[in-house]
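Accompanying notes for the structure given below.
The values are calculated or read from the model by the stated rules, or taken from the named source; none is laboratory data. Keep in mind that what you see is a predicted model, and the values were worked out from it rather than measured. All Cβ positions, even for glycine, are placed from backbone atoms using ideal geometry, and neighbour counts span all protein chains on display.
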Ligand SMILES: CC(C)(COP(=O)(O)OP(=O)(O)OC[C@H]1O[C@@H](n2cnc3c(N)ncnc32)[C@H](O)[C@@H]1OP(=O)(O)O)[C@@H](O)C(=O)NCCC(=O)NCCS
């Protein structure tokens, strides 16, 4: 009996530890994102909300395998029609580490941190079937305007406070610096 339990435990994939993204990891995390998305990522409307913005370091996480980033989930401060929300992305997992739950673990950790930091909601542009698993939906995003072309069905929101996803409308912009 004991040996069976040990065998199952040994076969289960072990997720690499998650840590907050610190400045010393920035270059390696950016290299991971470049590998996963390729140069096309700079054309995305989401990128307009990241370039020139300041990373929410307390809500951005990296998975480290032997000290090297194999997954990341970044967050940024933005406004929707003047209302502050956190903007999630990129989410990237190294191809060798996929389908083990790492992507979902990164999103959950980042969302948890955003909730703890007091954000009312998290916004992202992504696939509904994937992010729906952690509660994101496009039910209240019809009037949210990204700063560039986007498939509106992929604009997803997760409220972190009661009714945190309601009444959000207008242009999404980089949050003014405090
Ligand atoms: C999307 C991504 C982060 C998922 O990472 P991951 O660690 O494999 O995620 P999880 O282990 O939590 O979930 C894996 C499951 O989600 C599914 N999945 C992956 N991408 C999906 C998508 N776009 N839509 C629906 N399901 C998806 C996989 O098929 C897998 O299912 P399986 O376990 O039945 O094989 C990773 O595939 C990746 O980096 N992709 C390229 C970048 C990207 O598309 N990022 C998200 C854009 S915002």
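Among the residues of the stretch 145-169, count how many are within 18 Å of the chain's Cα centre (by Cα) and assigned to a strand (DSSP E or B).
5
Just wondering, is there one or more residues in the stretch 95-113 that are in contact with a strand residue (DSSP E or B) (Cβ under 8 Å, 6 or more places away or on another chain) and more than 24 Å from residue 33 (Cα to Cα)? Before you say what the answer is, go through the steps one by one.
We begin by selecting, within the stretch 95-113, every residue in contact with a strand residue (DSSP E or B) (Cβ under 8 Å, 6 or more places away or on another chain); these are 96-97, 102-103, 105-107, 109-111, 113.
Adding the requirement that they be more than 24 Å from residue 33 (Cα to Cα) leaves none.
There is no residue in the stretch 95-113 that is in contact with a strand residue (DSSP E or B) (Cβ under 8 Å, 6 or more places away or on another chain) and more than 24 Å from residue 33 (Cα to Cα).
Select from the stretch 119-131 the residues that are touching a residue at least 12 places away in the same chain (Cβ under 8 Å) and over 13 Å from the mean Cα position of the chain (by Cα) and write down the one among them that is farthest from residue 174 (Cα to Cα). Lay out the reasoning, then the answer.
Residues of the stretch 119-131 that are touching a residue at least 12 places away in the same chain (Cβ under 8 Å), as a first pass: 119-128, 130-131.
This time we only want the ones that are over 13 Å from the mean Cα position of the chain (by Cα), so: 119-120, 128.
Numbers: 119: 15, 120: 16, 128: 23 Å.
Ranking the qualifying residues of the stretch 119-131, first place goes to 128.
Checking the condition in a helix (DSSP H, G or I) and in contact with a helix residue (DSSP H, G or I) (Cβ under 7 Å, 6 or more places away or on another chain), which residue from 48, 133, 35 passes?
Working: 48 fails: in contact with a helix residue (DSSP H, G or I) (Cβ under 7 Å, 6 or more places away or on another chain); 35 fails: in contact with a helix residue (DSSP H, G or I) (Cβ under 7 Å, 6 or more places away or on another chain).
Sole residue among the options that is in a helix (DSSP H, G or I) and in contact with a helix residue (DSSP H, G or I) (Cβ under 7 Å, 6 or more places away or on another chain): 133.
Would you check if there is a residue in the stretch 70-89 being closer than 16 Å to residue 154 by Cα, within 9 Å of the ligand (Cβ to nearest atom) and in contact (Cβ under 8 Å) with a residue 12 or more places away in the chain?
Scanning the stretch 70-89, I find at least one residue that is closer than 16 Å to residue 154 by Cα, within 9 Å of the ligand (Cβ to nearest atom) and in contact (Cβ under 8 Å) with a residue 12 or more places away in the chain, so the answer is yes.
So residue 42 fits all but one of (1) farther than 25 Å from residue 125 by Cβ; (2) more than 14 Å from the ligand (Cβ to nearest atom); (3) free of Cβ contacts under 8 Å to residues at least 40 places away in the same chain; what number is the exception?
(1)
Let me confirm something: among 85, 172, which residue is modelled with pLDDT of 95 or more, part of a strand (DSSP E or B), within 27 Å of residue 23 (Cα to Cα) and more than 15 Å from the chain's Cα centre (by Cα)?
Details: 85 fails: more than 15 Å from the chain's Cα centre (by Cα).
Selected residue: 172, the only one of 85, 172 that is modelled with pLDDT of 95 or more, part of a strand (DSSP E or B), within 27 Å of residue 23 (Cα to Cα) and more than 15 Å from the chain's Cα centre (by Cα).
Would you confirm, using the coordinates I've provided, whether residue 92 is touching a strand residue (DSSP E or B) at 6+ places or on another chain (Cβ under 9 Å), more than 12 Å from the ligand (Cβ to nearest atom) and under 24 Å from residue 155 (Cβ atoms)? Quick ask: steps written out before the conclusion?
Details: touching a strand residue (DSSP E or B) at 6+ places or on another chain (Cβ under 9 Å): yes; more than 12 Å from the ligand (Cβ to nearest atom): no; under 24 Å from residue 155 (Cβ atoms): yes.
So residue 92 fails the test.
Name, by its number, the condition in (1) near the ligand (Cβ under 9 Å from one of its atoms); (2) surrounded by fewer than 23 Cβ atoms within 10 Å (Cβ to Cβ) that does not hold for residue 115.
(1)
Does the stretch 136-154 contain any residue that is crowded, with 16+ Cβ neighbours inside 10 Å and without any contact (Cβ under 8 Å) to a residue 24 or more places away in the chain?
Yes: the stretch 136-154 contains one or more residues that are crowded, with 16+ Cβ neighbours inside 10 Å and without any contact (Cβ under 8 Å) to a residue 24 or more places away in the chain.
From 101, 128, 132, 67, which residue is surrounded by fewer than 18 Cβ atoms within 10 Å (Cβ to Cβ) and more than 14 Å from the ligand (Cβ to nearest atom)?
67
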